[in-house]
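J.: So that we are looking at the same thing, I have put the structure below in structure tokens.
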Amino acid sequence: MKTVVSVSLGSSSRDHTAEVEWLGQRLSISRRGTDGDFKRAVQVLQELDGRVDAIGLGGIDVYLYVGGKRYVIGDGLKLLQAVKQTPVVDGSGVKNTLERDAVRHLARAGLLTPSTRVLLVSSLDRFGMAEAMVEMGCDVTFGDLIFTLGVDYPIKTLAEVEELAEKYKSRMEKLPFTFFYPTGSQQDKAPTVNPAFARYYGEADVVAGDFHFVRKFMPEAMTGKTVLTQTTTAADVEMMRRRGVKTLITTTPVLGGRSFATNVIEAALVALSGHGRADVSPEEYQDLIRRLELRPTIQSLNP
Amino acid sequence: MATAEELKASLMDFEENYNANPKLKTMNRDWNRKVRVKATDVEVEYGLDLKDGVVRFLEQPPAEPDLVVASDGETLTSMFYGEVSPSEPYMDGTLKVTGSEEDLIRLDFVTAMIWG
């Protein structure tokens, strides 16, 4: 049995374990949240180093791929560098393939059309999804400034997203990740009531992207909306059901009752590849995803 | 060491660059804050009034500021000329902030949008 562990800066209340058999190999997949404690995350990573087959970094990115450029998240890089032997990944490789493919799959299924209005809560961390939606002709609102910094400014073009990444790159490298992203117990908080930001949900047919941002300002009235995300627990699903979400689509497969994050899936693919290193090519990821038939999971919450 | 006049010049430069940026004015149209800028070594205080997307330099610091940023004149001058981001001296303790961390991050964002 191969062992894959995701070490997350997120809340330990979201920890989960599952066993799967993929391509004839048994995998034990688990998540270990460190409640936003950066030092503890480093400690756990060092304990696991050399003892498991692959590690995923959760609740943080290491690299952002935006408009053909790679940007580094300083705190993410520090975590990555704490691991010396075991392959460690942040999910960005899978995001760029799995999520791009997921959008195309949903288009073929008629769930995304050129007239669909999408609120993509953050695009810097999933530029592949953003590009795929724009290519399809969806009317996309990029919520990066709204959800990361609380700036009421909807971005409407990929060029503006690229401009933002370029202007903000030194901050991404130097500032604590907690400035931009909810970690630890912040992930357990109920959605914040914010009428100014709630209106962007109201204007959208589909709310997509990182689940912690998706729920950050989620209004009570989500009737008829589709949510396209990942990393949802049973409690998250129930919260969305109560608010009237019609369809929940997770880009990653549901394992043992919940969808894991892309870093977990990427780490599992790395373990399956058997290279013993993290630099799996996009083509290899594509091949593994195709062979595993990984497709979005579509759940009807309020038929 | 920056003088009081140099700090004042940097704040006026910040005011000019901010107000010349229409996108920034739109982004901050609802961020109304009074900021007191306090140089601890040259013992001078100025202010910034951000209201309805426009910033105004204040020769006299606001009596009831939402945010107070205090540091040596050199650090403050560098901040408002965009040579360092406000978060950097804040993280290493050189810049003291009274107010919310969110407002400091917002100020940092503003300087990033002006100077990159």
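Each reported figure results from applying straightforward, stated rules to the coordinates on display, with no laboratory input. Every value quoted in this text rests on a predicted model; they were computed, and no experiment measured them. FYI the Cβ positions are ideal-geometry reconstructions off the backbone, even for glycines, and counts take in every protein chain you see.
J.: By average Cβ neighbour count within 10 Å, what is the ranking of A:32-41, B:106-115 from highest down?
T.: On the way: A:32-41: 19.4, B:106-115: 21.0.
Output ranking for A:32-41, B:106-115: B:106-115, A:32-41.
J.: After finding the eigenvalues of the alpha carbon gyration tensor for the range A:193-253, what semi-axes result from the square roots of 5 times each, listed largest first in whole Å?
T.: On the way: eigenvalues 59, 26, 25 Å².
For the range A:193-253, the ellipsoid semi-axes come out as 17, 11, 11 Å.
J.: For the range A:1-64, give the share of DSSP beta bridges that are antiparallel, in percent and rounded to the nearest 5; count only bridges with both residues there.
T.: Details: 7 of 19 bridges.
So the antiparallel bridges in the range A:1-64 amount to around 35 percent.
J.: Excluding A:Ile60 itself, what net charge comes from residues whose Cβ is under 9 Å from its Cβ, given Lys and Arg +1 and Asp and Glu -1? Walk me through the numbers before you get to the answer.
T.: Values: positive: none; negative: A:Asp61, A:Asp75, A:Asp90.
Result for the neighbourhood of A:Ile60: -3.
J.: Can you say what percent of the DSSP beta bridges in the range A:144-303, counting only those with both residues inside, are antiparallel? Round to 5.
T.: Numbers: 6 of 13 bridges.
For the range A:144-303, the DSSP antiparallel bridge percentage is about 45.
J.: Based on DSSP, what percent of beta bridges with both residues in the protein assembly as shown are antiparallel, to the nearest 5? Don't skip to the answer; put the middle values down first.
T.: Values: 33 of 67 bridges.
Looking only at bridges with both residues in the protein assembly as shown, the antiparallel portion is about 50 percent.
J.: Something else now. Among B:19-26, A:225-232, A:104-111, how do they line up by average Cβ neighbours within 10 Å per residue, starting with the highest? Spell out each step's value before the answer.
T.: Details: B:19-26: 13.5, A:225-232: 25.6, A:104-111: 15.0.
Output ranking for B:19-26, A:225-232, A:104-111: A:225-232, A:104-111, B:19-26.
J.: Expressed in nm to one decimal, what extension gain is obtained for the pair A:Ser115 and A:Arg277 from 0.36 nm per residue of sequence separation less their Cα-Cα distance? Present the calculation step by step, with values, prior to reporting the outcome.
T.: On the way: separation 162, 0.36 × 162 = 58.32 nm, distance 4.22 nm.
Additional length available on full extension: 54.1 nm.
J.: Apply the Karplus parameterisation 6.51 cos²θ - 1.76 cosθ + 1.60, with θ equal to phi minus 60°, to every residue of the range A:84-96 and state each ³J(HN,Hα) to the nearest whole Hz, in sequence, with x for glycine and proline.
T.: For the range A:84-96, the Karplus-derived couplings read 9, 10, 6, x, 10, 9, 10, x, 5, x, 6, 4, 5 Hz, x marking Gly and Pro.
J.: Using the 2.2 N^0.38 Å rule of thumb for compact globular proteins, work out how the range A:95-253 stacks up: its C-alpha Rg over that value, please.
T.: On the way: Rg = 14.8 Å, N = 159, 2.2 N^0.38 = 15.1 Å.
Dividing the Cα Rg of the range A:95-253 by 2.2 N^0.38 Å gives 0.98.
J.: For the protein assembly as shown, what is the calculated [θ] at 222 nm in deg cm²/dmol (nearest 500), taking -39500 (n - 2.57) for each run of four or more DSSP H residues and dividing by its residue count? Each step should come with its number before you reach the end.
T.: Numbers: 15 runs with 151 residues, N = 419.
Value at 222 nm, helices only: -10500 deg cm²/dmol.
J.: Starting from the alpha-carbon convex hull of the range B:67-116, give the projected area averaged over all orientations, in nm². If you can, show how the numbers build up before the last one.
T.: On the way: hull surface 11.8 nm².
The orientation-averaged projected area of the Cα hull of the range B:67-116 comes to 2.9 nm².
J.: Return the sequence-ordered ³J(HN,Hα) values of the range A:203-218 in whole Hz as given by the Karplus equation 6.51 cos²θ - 1.76 cosθ + 1.60 applied to θ = phi - 60°, using x for Gly and Pro.
T.: 7, 9, 8, 10, 10, 10, x, 3, 5, 5, 6, 4, 8, 3, 10, 4
J.: While we're on this one: Give the long-range amide H neighbours of A:Gly33: residues separated by 5 or more places, or on another chain, with amide H under 5 Å away, using H modelled in the peptide plane at 1.01 Å from N.
T.: Excluding prolines and chain starts, which carry no amide H, the hits are A:Ser8, A:Asp15.
J.: ³J(HN,Hα) across the range A:185-195 via Karplus (A = 6.51, B = -1.76, C = 1.60, θ = phi - 60°), whole Hz, x for Gly/Pro?
T.: Whole-Hz 3J(HN,Hα) from phi for the range A:185-195: 5, 4, 6, 9, 5, 5, x, 7, 7, 8, x.
J.: One-quarter of the Cα convex hull surface for the range B:4-115, in nm²? If you can, show how the numbers build up before the last one.
T.: On the way: hull surface 23.5 nm².
Value for the range B:4-115: 5.9 nm².
J.: Now for a different question. Hey, with R₀ at 25 Å, roughly what FRET efficiency would A:Arg104 and A:Ala190 work out to, going by the Cβ-Cβ distance, to 0.05?
T.: On the way: r = 34 Å, r/R0 = 1.37.
The value I calculate is 0.15.
J.: Could you work out the mean projected area of the convex hull around the alpha carbons of the protein assembly as shown, in square nanometres to one decimal?
T.: Values: hull surface 80.5 nm².
Projected over every direction and averaged, the Cα hull of the protein assembly as shown covers 20.1 nm².
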